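A.B. asks: There's a structure below that I have some questions on.
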Amino acid sequence: MRKNKKLLTLLSMMLVLVLVAVGCGTSTETPDTGDATGEVKDTLIVGQGADVVSLDPHATNDQPSSRVSKQIYNTLVNQNEAMELEPGLAESWEKIDDLTWEFKLRQGVKFHNGEDFTANDVKFTLLRALESAKIGHIVGAINPEGIEVVDNHTIKIATNEPFAPLLAHLAHTAAGMLNEKAVTEGGENYAQNPVGTGPFKFQEWKTGESVTLTRNDDYFADKAKVKTVVFRNITENTARVIELETGGIDIAYDIPPTEVSRVEEDQNLVLLRDESLSTAYIGFNAGKEPYNDVRVRQAINYAIDTDSIVEAVYQGVGKAAKGPLGTNVFGAHTDLEQYGYNLEKAKELMKEAGYENGFKATIMTNENQQRMDIAEIVQNQLRDINIETEVQVVEWGTYLDETAAGKHDMFILGWTTVTGDADYGLYALFHSSQFGDAGNRTFWSNDKVDELLDAARVEADPAKRAEYYSEAQEIIREEAPWVFTYNGENLAGTRKNVKGFKQHPAGHHKLVSVYFE
Amino acid sequence: MKDNKNLLEIKDLSIHYITDDGTVRAVEEMNLEIGVGETLGLVGETGAGKTTTALGIMNLVPNPPGKIIGGEIVFEGEDLVKKSQSELRKIRGNKISMIFQDPMTSLNPVMTVGDQIAEVVKLHQNVNAAEATERAMEMLEKVGIPGTRHKDFPHQFSGGMRQRVVIAIALACNPTLLIADEPTTALDVTIQAQVLDLMRNLKHEFNTSMIMITHDLGVVAEVCDKVAIMYAGNVIEYTDVKRLYTSPKHPYTIGLFGSIPDIESDESRLKPIKGLMPDPTNIPSGCPFHPRCPKAMDICSQRKPKNTEVEPGHFVKCLLFENTEK
Amino acid sequence: MHKYILRRLLMLVPVMLGVTLIVFTMMHFTPGDPAKIMLGESAPEAEVIKLREELGLDDPFLVQFGRYVFNAVQGDIGRSYTTNRPVAIEIMERFPSTLKLAALGVLVSVSLGIPTGIISATRQYSLFDNIAMVAALLGVSMPNFWQGLMLILFFSVQLKWFPSSGFSTPSQMVLPALTLGTSSAAIITRMTRSSMLEVIRQDYIRTARAKGQAESIVINKHALNNALIPIITVIGLQFGYLLGGAVLTESIFSIPGVGRLMVESIKARNFPVVQGGVLFIAITFSFVNLLVDILYAFVDPRIKSQYK
Amino acid sequence: MSKIKTSNNQEEVKAVSKKKRSPWVEVWRRLRQNKSAMFGLAIIGLLVFCAIFADLIAPYGIDDQDLRARFITPSRDYLFGTDNFGRDILSRIIYGSRVSLQVGFIAVGISALTGGALGAIAGFYGGRLDNVIMRFVDILLAIPGILLAISIVSALGPGLQNVMIAVGIGSIPSYARIVRASVLSLRDQEFVEAAKAVGANDFRIISKHIIPNSMAPIIVQATLGVAGAILSAAGLSFIGLGIQPPTPEWGSMLSSGRQYLRDYWHIATFPGLAIMITIFALNLLGDGLRDALDPRLKS
């Protein structure tokens, strides 16, 4: 093209606009992956599927945020990858009476801002957590009046009533220890300038894009092996795997089941598969006909081939559930009998219940691909026992509203027993006091189960607790307020040169010991 | 009429438009000559091939679909048909320039008139930008527009003023041949006279030859030396003005005069030629005029008439006269 | 001209008020309680009620709307329900990526579309023209997200030339810009071609040729300058469309832009962010339109004289 | 001065009379000569045929799951292969033509009727009413279509009906503007004046005289609009707000197939192709119609 003033001006104006726009963006280069150069890498890039919501542990309870917070904060008690309790910021603890625990705190621990970690911070943190609308329930058993600072490194924590799983709750990332001064100074912007005691310090947060952490060289325990950790937000599952394959990231969380074999077969990648604490279930509205009839619920349990769901929806990752809890949860009944696919039995039960000719039903779910897939399969399989279902996919917000209000017939939902304790995995879901929003969206109740759950909550002896929970699970299985569908797995992929990475069943994996080879 | 004074000689020129719907014979075996300083009138109805002829001379017939099928256009002794585009570009706007029919559309609306005049100056004369602008202002003055308006855009001028600008563009490089394609058709009657006067004066000033395309016999009488009447791509009568007006030969020409309203006579009705121009893709066999011709004979539908010189310098394409010659 | 711009800016006020009202109404009557969504499925009822009070969700509709407009005029468009940060900051952090994406998309489409359109127009019905037109039509017909996936498969998975996600380095911007750019390149190609065809038939093009001007200048100067107006209109519309429509591209390529923020916020019932976002995009869109109208004046003196 | 004007006038008269005789026949004649438009029309005809006779044509049912026959690549039994539930993709695409055409046409119907009515009222009555309507249209125009559609769907909830409404509302402004413009140009023409003179009421004037005379641009816009609507619906499905499974909407088929894209290309490819070909055909037809209805008409 020869000279054309106007078009040229137009184009150059646009170019300027682009440059300005590009300049506006914080244009930091992606950290050097160092693959080619041979020098030891010291930046670990982790890809996860959603952006961090807040780095104030009391402001949110979502997985992506917890995964980052876990690196910044420490909890009094740690729960390791085998779900065993270990000392964290508390060196030791002791039960003083039915309600009260005394914790001896580690000495010489400093926050990232240089402040010493003391019992006052613990008190401040717990009181602040109790106020939180988002995570208050996790420490909700604690009596605010019962937190007593004995000395700088000793603190007593009392609960309102006997609460056996307290330690597991204190190991939750939401109970990470905050520094009073940092929180007060940070004010409304604290979530952008988090201060903890953990192995990594917060450096930068590019919203929607990435969070960068650097090593805390004053860490009280073994220091982190890599200097920098970048959590990148890669929403598309496939894209995250592609980035892993091409070396754009070193660890990819939540490998989609469809990509499992690909990661496994790739010479440069390692796949990690561990049982998670998550379950998926199809709940009945037991407060409504015909789902108030246990025979109908059982019939549907028999009519749905959960093994084929695991195969078709999860590509064989994870396994069909036998009961309400995954086997790695404390208190899980591992010998429950799986309902199994048995069409004859299902038809028989339907006949007994007087629904030989079936009925019409809706299955409600939110727009989660796996749940929608399950819905489609269930819809299809229930036709065999003459149940005509309509799948209703609604938005998350609506979904929670409607199911809490009991407007549903059947619904598909998941639950993650983050504390790894049966209390967390059963109480909210099956106790009659928890109808609706609190978690029991099936509106199913059983006096015996209520009794057992209450007893297990206050019982100090773990063996006895386990017994109570086993009995409760047997009843729940028999009564079938759910179609017990699925126990999940955590899937992560790493580059082959990434060592020392272990998955935590709750999904927030520690990165302190990760290094490159 | 075959002497070397001729500036332009068109010999057996044929231009066709080849489309999916058929071939349009826009110009058929045309023969014309223009001497230095002469003005030739090219007269005919819309679609007779006048504009195509003009574009043919400039070699600007839109291609596709238009194509010069055969013949020669000899300008200053050289055949334009054989020239390359870059050679032609040196002639266009320089030695031959053109004034178009509609001044409202023939100026680029997004360029100042000064730039549009200066453009042609810069193309053909070795001048810098400032000199070209100066020349443009000079030309504007010459066509009766204040030179200071060279920075104005076409939409700021009236139709007559725009046509003056077009004339200024056409004459900016002192062309030896000016083709004016119905330069006054789109103008108000009062403006028409002004523009014609202007053209006539400038033509004398620059001693330019001119082809005046028009369907207005009044204009022809006023400005032309010679006239060619076109019908359906053919020049059917070609002679000087006086002879055409005193003794038109071709029935179509006679018909044309018949359809002019004569203010001086009391007769208030026109005598239009019956029928319509033929469909250009489907021209009648033989003489294309025969279906409308009051004097048509049987043979007219069978054979094409040849160009017949009925008296020196008076050519007619009509079988009536072919026969008398025989 | 100044007066014209001022008047246009003033006209934005009622439009923005209207946009706010529409979005506010829509969000308000959308089922789903934001307090519940914020707290998650395992939060106790009492806390939900507490949060509802905090957020002022129990006030009557008009009170909520009035409060919003009152604050917005003072530059405060609320805080995000999820992160509790000012919405304005959330959006401004995301906006550069979206602007970059849209601008690059337009750049791709213009640099691809205009030359192709010109060549097609000058060689109407040639082989080039036919291929370009079929390609352009296919480009218009191809779902954007599908094309993005294909580009990822081909260029990042197979050839490993470009990364498939992120948006900070130039190489990360290539695929998203192409994804976004090609479909509007197709539209611009078609527009350029038809506009050029229209212009090339005009008398003043013949005038330019009759001056002895070289064909390339006739096309690129005389014809193109006149054909630019509809092309600019389309570019402006495309730019606006890309701003809002980058949603899909942003999610495919994990780009932290406003579009994705909006979708995430709609799903999370994060009303303040949705309102702020729609308002913001609407304002940007209107500014682009104004810019386009000013550009008209720059390109066409006839229009300039109307802007009084 | 005098002119030869006869033939000119007569030609005009002829052209006008030719047009008046049967405008639609004339349009059809011109359209028939346009090969690519006819090609587009043929494809659309085929789709309509598929949609109507899906039950007879499709080799399998809409939701015939066979969890043992998942991910079968295209073969003789399954021409387009099977999806993640072992359903025949070809059958679902054939049934899907019902959904897509329905979405396309009904969404356009909604926007053309609403937008057309708004535009006609605004243009016909002018004044304050015009002002109010057109400001409303401006407001709608200020929100990019897809964002508007997303917001509406999220307010109404997903599903076929709501998607049609959302997509429909999004394109109301363009129809309102087109109709208003052509009403403005028609309003003062003689046949409207004449109708007024004989005492026809406004509704009658608008519906009998003005609307039919502004059909040309509406038809072109509508044809292209159907294409746009199908694309928008597919886009909504892609972000999970569209038509819900197991309804075999092409966009949602594509969207759920994308997670298997790298291993089982056929699941997302064929629905993607189906969308593309449909849009392509509609665009061809739309372009052809534009040329046939009015060669000078430009969108």
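Values quoted throughout were computed directly from the atomic coordinates according to the rules given, and no laboratory measurement underlies them. Note that this is a predicted model, so its numbers are computed, not measured. Because the Cβ atoms are built from the backbone with ideal geometry, glycine has one as well, and the counts that use them run over all protein chains shown.
A.B. asks: Apply the Karplus curve 6.51 cos²θ - 1.76 cosθ + 1.60, θ = phi - 60°, to the phi angles in segment A:153-161 and return the couplings in whole Hz, x for Gly and Pro.
C.D. replies: Here the 3J(HN,Hα) series is 10, 9, 9, 10, 10, 10, 9, 5, 9 Hz.
A.B. asks: Using only the alpha carbons of chain B, what is the convex hull's orientation-averaged projected area in square nanometres?
C.D. replies: 18.0 nm²
A.B. asks: Here's something else I'd like to know. With unit charges on the beta carbons (Lys and Arg positive, Asp and Glu negative) and the dipole taken about the Cα centre of the protein assembly as shown, which residue among B:313, D:226, C:303 sits farthest to the positive side?
C.D. replies: B:313
A.B. asks: Can you give the longest stretch of chain B with no exposed loop site, where a site means GluC sites (Glu not before Pro) in a DSSP loop (not H, G, I, E or B) with at most 12 other C-beta atoms within 10 Å?
C.D. replies: The segment B:1-263 is the longest one with no such site.
A.B. asks: Arranged by the count of other C-beta atoms within 10 angstrom, fewest first, what order do D:130, B:188 take? Don't jump to the answer; show the numbers that get you there.
C.D. replies: Values: D:130 17, B:188 12.
Ordered by Cβ neighbours within 10 Å, fewest first: B:188, D:130.
A.B. asks: Sticking with this structure for a sec: Rule-of-thumb check for segment C:44-186: C-alpha Rg over 2.2 N^0.38 Å?
C.D. replies: 1.60
A.B. asks: Could you put A:161, C:47 in order, starting from the residue whose Cβ has the fewest other Cβ atoms within 10 Å?
C.D. replies: Details: A:161 11, C:47 21.
Neighbour counts put them in this order, fewest first: A:161, C:47.
A.B. asks: Pairs A:123/A:156; B:203/B:242; B:11/B:67: which are spaced more than 18 Å apart, C-alpha to C-alpha? Could the numbers behind the result be given before it?
C.D. replies: Numbers: A:123/A:156 9 Å; B:203/B:242 21 Å; B:11/B:67 16 Å.
The pairs that break the limit, which is 18 Å between Cα atoms, are B:203/B:242.
A.B. asks: Okay, moving on. Distance cut-off 20 Å, Cα to Cα: go down the list B:95/C:211; A:360/A:407; A:70/A:95; B:122/C:221; A:201/A:227 and report the pairs above it.
C.D. replies: On the way: B:95/C:211 10 Å; A:360/A:407 15 Å; A:70/A:95 26 Å; B:122/C:221 15 Å; A:201/A:227 10 Å.
Violating the 20 Å limit, Cα to Cα: A:70/A:95.
A.B. asks: Then there is this: Would you mind working out the magnitude of the charge dipole of chain A relative to its Cα centre, with +1 at each Lys and Arg C-beta and -1 at each Asp and Glu C-beta, to the nearest 20 Debye? Mind showing how you got there, number by number?
C.D. replies: Working: 49 positive and 80 negative charges, 413 e Å.
Roughly 1980 debye for chain A.
A.B. asks: What is the dipole size for segment B:1-93, taken about its Cα centre, with +1 at each Lys and Arg Cβ and -1 at each Asp and Glu Cβ, in debye to the nearest 20?
C.D. replies: Here the size comes out at about 320 debye.
A.B. asks: When the helices in chain B are scored as -39500 (n - 2.57) per DSSP H run of 4 or longer and the sum is shared across all residues, what 222 nm value do you end up with, to the nearest 500 deg cm²/dmol?
C.D. replies: For chain B, the value works out to -9000 deg cm²/dmol.
A.B. asks: If segment C:55-131 were replaced by its equivalent ellipsoid, with semi-axes equal to the square roots of 5 times the Cα gyration tensor eigenvalues, what would those be, largest first, whole Å?
C.D. replies: Value: 49, 15, 10 Å, ordered largest first.
A.B. asks: Among A:340, A:52, A:221, which residue has its Cα positioned farthest towards the positive end of the charge dipole of chain A, with +1 placed on the Cβ of Lys and Arg, -1 on the Cβ of Asp and Glu, and the dipole taken about the Cα centre?
C.D. replies: It is A:52, whose Cα lies furthest towards the positive end.
A.B. asks: Using unit Cβ charges (K, R positive; D, E negative) and no other charged atoms, how large, in debye to the nearest 20, is the dipole of the protein assembly as shown about its Cα centre?
C.D. replies: 7460 debye
A.B. asks: Using just the C-alpha positions of the protein assembly as shown as equal point scatterers, what log10 of I(q)/I(0) does the Debye formula give at each q in 0.04, 0.07 1/Å?
C.D. replies: So the normalised log intensities are -0.36, -0.86.
A.B. asks: For every helix of n ≥ 4 consecutive DSSP H residues, a contribution of -39,500 (n - 2.57) applies; sum these over chain C, divide by its total residues, and give [θ] at 222 nm rounded to the nearest 500 deg cm²/dmol.
C.D. replies: Estimated from H runs of four or more residues: -25000 deg cm²/dmol.
A.B. asks: Out of D:155, D:46, D:195, whose Cα points farthest toward the positive end of the dipole of segment D:31-297 (charges: +1 Lys, Arg; -1 Asp, Glu; placed on Cβ)?
C.D. replies: D:195
A.B. asks: Let me ask another. If you average the alpha carbon positions of segment C:202-226 and of segment A:340-382, how far apart do those two centres end up, in angstrom?
C.D. replies: 73 Å
A.B. asks: Once you order the gyration tensor axes a ≥ b ≥ c over the Cα atoms, which shape class does segment A:74-181 get: rounded for a/c under 1.5, otherwise prolate or oblate by comparing a/b with b/c? Walk me through the intermediate numbers first.
C.D. replies: On the way: a/c = 1.26, a/b = 1.21, b/c = 1.05.
Rounded, since a/c falls under 1.5.
A.B. asks: I would also like to ask the following. Please report B:197, A:222, D:291, A:62 as a ranked list, fewest other C-beta atoms within 10 angstrom at the top and most at the bottom.
C.D. replies: Fewest-to-most Cβ neighbours within 10 Å comes out as A:222, B:197, A:62, D:291.
A.B. asks: Okay, helix-only estimate at 222 nm for chain D: each DSSP H run of n ≥ 4 adds -39500 (n - 2.57), divide by all residues, round to 500 deg cm²/dmol; what do you get?
C.D. replies: Helix-only estimate at 222 nm: -23500 deg cm²/dmol.
A.B. asks: Does chain A come out rounded, prolate or oblate, given a ≥ b ≥ c as the square roots of the eigenvalues of its C-alpha gyration tensor, rounded meaning a/c under 1.5 and, failing that, prolate meaning a/b above b/c?
C.D. replies: Here chain A falls in the oblate category.
A.B. asks: Please compute, over every Cα-Cα pair in segment A:277-488, the percentage with a separation greater than 25 angstrom.
C.D. replies: On the way: 7369 of 22366 pairs.
For segment A:277-488, the share of Cα pairs beyond 25 Å comes to 33 percent.
A.B. asks: With the contact rule set at Cα under 8 Å and sequence spacing of 6 or more, what percent relative contact order holds for chain A?
C.D. replies: Reported as a whole number, the value is 19 percent.
A.B. asks: What ratio of Cα Rg to 2.2 N^0.38 Å holds for segment B:57-137?
C.D. replies: Numbers: Rg = 15.0 Å, N = 81, 2.2 N^0.38 = 11.7 Å.
So segment B:57-137 has a normalised radius of gyration of 1.29.
A.B. asks: Percent of Cα-Cα pairs per 5 Å bin, from 0 to the last occupied bin, for chain D, please list those.
C.D. replies: The distribution over chain D is 1, 5, 10, 13, 14, 13, 12, 10, 7, 5, 4, 3, 2, 1, 0, 0, 0, 0, 0, given as percents.
A.B. asks: With the cut-off at 1.5 for a/c, could you classify segment C:94-307 from its C-alpha gyration tensor as rounded, prolate or oblate?
C.D. replies: The shape class here is oblate.
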